[in-house]
Amino acid sequence: MIMYLSRALATAALAAGLTFTTLTTTASAAPSAPQEALARCGFYGDDVPAPATMHYKAGSWFRGGPYAECDGYKTPSQGWAAATCYFINDYGSKWYYASDWRSWVYSGNVTFPIDGEPAPTNRC
């Protein structure tokens with residue numbers, strides 16, 4: 001009886017150890033690229049010099065971070081916004097921070113046509 005109890009306890013301890021190892025391994029796994037991107041969706045670029053004026057296309061998305069995975073809103077028409085800086089995300093995409101909208105817009109959706117005014121050269 002003692003030997004049976006000893007084996008049962010050893011088996012239970014081994015099973016508990018394997019379960020704990022599995023749980024800790026899963027919990028410490030590296031996040032996926034989209035998860036990392038979403039972790040940066042509250043990133044703002046306000047602490048920068050004077051902005052440049054950018055023109056955005058109708059249907060451009062303004063997002064809470066410099067990633068397509070971030071929540072945002074789609075503009076129904078074209079318009080103007082102040083761009084204070086740029087950021088190149090982990091995918092190599094360039095985004096401009098619109099300080100007056102406190103959001104990010106993808107560089108492919110904007111131009112800087114006002115009197116030859118250049119795009120911002122400072123990184124966020």
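Values as computed for the structure displayed
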| quantity | calculated |
| --- | --- |
| Förster radius 22 Å - calculated FRET efficiency between Asp90 and His55, Cβ distance, rounded to 0.05 | 0.25 |
| Loop trypsin sites (Lys or Arg not before Pro), the stretch 49-124 (other Cβ atoms within 10 Å of the site Cβ: 13 or fewer; DSSP) | Arg102 |
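Read-outs throughout are calculated quantities, based only on the coordinates presented, and are distinct from any laboratory measurement. In this text the structure is predicted, and so the values were computed from the model without any measurement. Neighbour counts run over all protein chains shown; Cβ positions are idealised from the backbone, glycine included.
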